[in-house]
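Take a look at the structure below.
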Amino acid sequence: MISAEKIENLIPEVLMDSNHFFLILMDVEGNLLDSNKIFKETVEGVETASLSSYLSESSCSDFANTLDELLSCPKQKQHLLLELKGYRGNSKVWIEFSVITNLDMDLLGVVGIGIDFQFLKQEIPLENLSDLLGLSSILLDKDFCVIEVEDVVRNWLGIEFEDFSGKRIFESELGLEIVNNTSWKSFLVGDESSQFLHLIDSRRGHEFTGLLVRYKKGYQLFLLPKMKESFSLQTTKPFSETQLTAIPGSVWVVDSDMKLIQQNNAGKVLSESWSGSKLLEGAKLQFTSSSSRFSQLKENVRKCLLKGISSEIELNLKLKEGEFGFWKVIVKPVLSPNGDRIAALIQAIDISAWGNKLVEIQNENKMLKELALKPSHVLRSPLSSMLGLLDLIDPHQLDIENQKYFSYLKPLAKELDDVIRTNAKKMSVFD
């Protein structure tokens, strides 16, 4: 067991003294080793005890499940909305938990860093909270009728938007109920700006942490599955190994949380080439390359997961001096037998031979362009001097025979100048 002092050495001092960020240090059993001043002031009377002692009843079970997930997958961070009990009332805090391990991957402790949700609401527009906190939401009018549902929520609840639209969220056919027999209708006249909820999908049995927030048109209900694996395909893979092998190119399959759930051998090799390390199943899709094209790829994957949009982009990376790699990357949705969107398939097809040939042709064209333009610059200089000299000659001082020949020189020189200019202009448009 590591001591609190040793863990503190790993934490920036600014967090220990922060007036905004909560910091919690725990052992692997969830017992508090230490915490910073804002946490102590919020719950008051903190002693060495389980964090659960300072949580509301619904948050206790959430925390227990999250701790189990953390210890089973130490490399993955877990996010959770918790309700802290204090003498001045309960506080809703968004916390990110991480496991601390040594080089031998022995579990040493758990660190939680969080921020008060009310502070987030004041500092950040509500419409941006969903992206920031990784939550998905349902928009409701003042009568709790559904206005808009994010596709992720629709998939969680297994209901089409047409089944939601215009209906009250507490109508039984939608299946979303508040645990402990609390009525949705009780919130219609509530004065609080937000409500912390424990929800259950009565049709499927899935549980959610919910946060109901007032906004200008009515309410926004943020949702977070209590057991995320219920909605991922870490154990239920959409393709058999034979099917995965039959798909050409490097292949990755990610679930609705952008976690990798399947990949073929070519995908393992290519991901290591792109990011320097292999992508592990269960980990977030992440490529460490700074290329903006990877940002575009991740955005395309998000759109595919949320809206079912297929896309195609080209990636090119410098592998070593003078050598480039090219890939056509296709992103498309993976559907269940019932037609539900359950994952996104990413397929990278190596087109380096074609891409390098194209670069070679482009370089040759550049050289040809330079060769074609060079004579123009070389010829125009003496030609300009020739035209200048012709302007200095007085044809009246020449005899009749020479005046005849001289009259041919200037038009011919101007014609040659026009030809050179026209040719240079035509060549300059080729890139």
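The values are calculated or read from the model by the stated rules, or taken from the named source; none is laboratory data. Just so it is clear, the model here is predicted, and its values are computed rather than measured. Here Cβ is always computed from backbone atoms with ideal geometry, including for glycine, and neighbour counts include all displayed protein chains.
Overview of results
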read-out: Output for region 252-297, where each listed residue is over 20 Å from Lys75 (Cα atoms), at pLDDT 75 or above and either assigned to a loop (DSSP other than H, G, I, E, B) or not assigned by TED's automatic domain parsing to the domain that holds Glu323 (or both); value: Asn264
read-out: All positions within region 337-352 that are in contact (Cβ under 8 Å) with a residue 24 or more places away in the chain and either more than 17 Å from the chain's Cα centre (by Cα) or surrounded by fewer than 17 Cβ atoms within 10 Å (Cβ to Cβ) (or both); value: Asp340, Arg341, Ile342, Gln347, Ala348, Ile349, Asp350, Ile351, Ser352
read-out: Top-ranked residue in region 317-355 [being in contact with a strand residue (DSSP E or B) (Cβ under 6 Å, 6 or more places away or on another chain) and either among the polar types (S, T, N, Q) or more than 23 Å from Gln263 (Cα to Cα) (or both); ranked as modelled with the lowest pLDDT]; value: Gly355
read-out: Single residue of region 16-52 satisfying the filter (over 34 Å from the mean Cα position of the chain (by Cα), assigned to a loop (DSSP other than H, G, I, E, B) and over 11 Å from Leu84 (Cβ atoms)) that is modelled with the lowest pLDDT; value: Thr48
read-out: Neighbours by Cβ (under 9 Å, 6+ apart or cross-chain): first from region 191-203, outside the structural domain of Val179 (by TED's automatic domain parsing) and in a strand (DSSP E or B); second modelled with pLDDT of 75 or more and surrounded by 15 or more Cβ atoms within 10 Å (Cβ to Cβ); value: none
read-out: Residue check for Asn423: surrounded by 10 or more Cβ atoms within 10 Å (Cβ to Cβ), assigned by TED's automatic domain parsing to the domain that holds Glu370, out of contact with any helix residue (DSSP H, G or I) (no Cβ under 7 Å at 6 or more places or on another chain) and without any contact (Cβ under 8 Å) to a residue 60 or more places away in the chain; value: no
read-out: Selected residue (only one of Glu370, Glu360, Glu364 is over 30 Å from Leu306 (Cβ atoms), among the acidic types (Asp, Glu), surrounded by 10 or more Cβ atoms within 10 Å (Cβ to Cβ) and at pLDDT 75 or above); value: Glu364
read-out: Selection count where residues are closer than 17 Å to Phe22 by Cβ and in a loop (DSSP other than H, G, I, E, B), scope region 71-86; value: 3
